1. Test of understanding: what is the full-extension gain from residue 105 to residue 151, defined as 0.36 nm times their sequence separation minus their Cα-Cα distance?
2. Looking only at the stretch 2-33, which residues have a backbone nitrogen under 16 Å from a spot 7 Å from the Cα of residue 43 in the C-beta direction?
3. Evaluate the distance, in nm, between pseudo-label points positioned 7 Å from the Cα of residue 144 and of residue 123 along their respective Cα→Cβ axes.
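What follows is calculated from the coordinates using simple rules that are stated; it is not laboratory data. Here the structure is a predicted model, which means the values were calculated and not measured. We place every Cβ from the backbone using ideal geometry, glycine too, and count neighbours over all the protein chains shown.
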């Protein structure tokens with residue numbers, strides 16, 4: 001278990017984007033900066049979402065969105081399962097801006113949280129990176145790669 005703080009391994013001053021950034025500019029930014037995910041912040045710097053490569057991939061497969069099972073009834077439909085996932089896929093598939101595409105429920109960690117806690121959240125929520133947030137503002141990013149480097153440094157005693 002790694003008790004060192006996230007602040008010891010996080011990427012400081014990460015790239016962030018505003019919700020109104022156009023999708024084509026966002027894709028260019030991902031390619032130019034070799035990004036895998038980017039926090040979305042409002043004008044005051046408060047975290048409002050995150051966009052990842054997985055979100056961008058939905059643009060390519062927009063026609064493959066899975067429609068929930070339903071039963072036609074009169075002039076409508078009765079859905080046999082919740083439509084939340086479908087609604088979210090549709091929103092992202094036809095996004096024009098970072099705000100349209102972003103995931104709004106963002107898993108985060110604080111700079112003082114342990115690396116173990118960050119790794120646990122990544123595993124539990126199946127995410128590859130977490131914004132590091134202090135007082136609502138993004139102060140860093142921590143990724144699975146950072147956790148692996150921490151394992152080498154703190155567990156296996158590699159000074160690198």
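1. 13.8 nm
2. Within reach of a label on residue 43: 18-21.
3. 1.3
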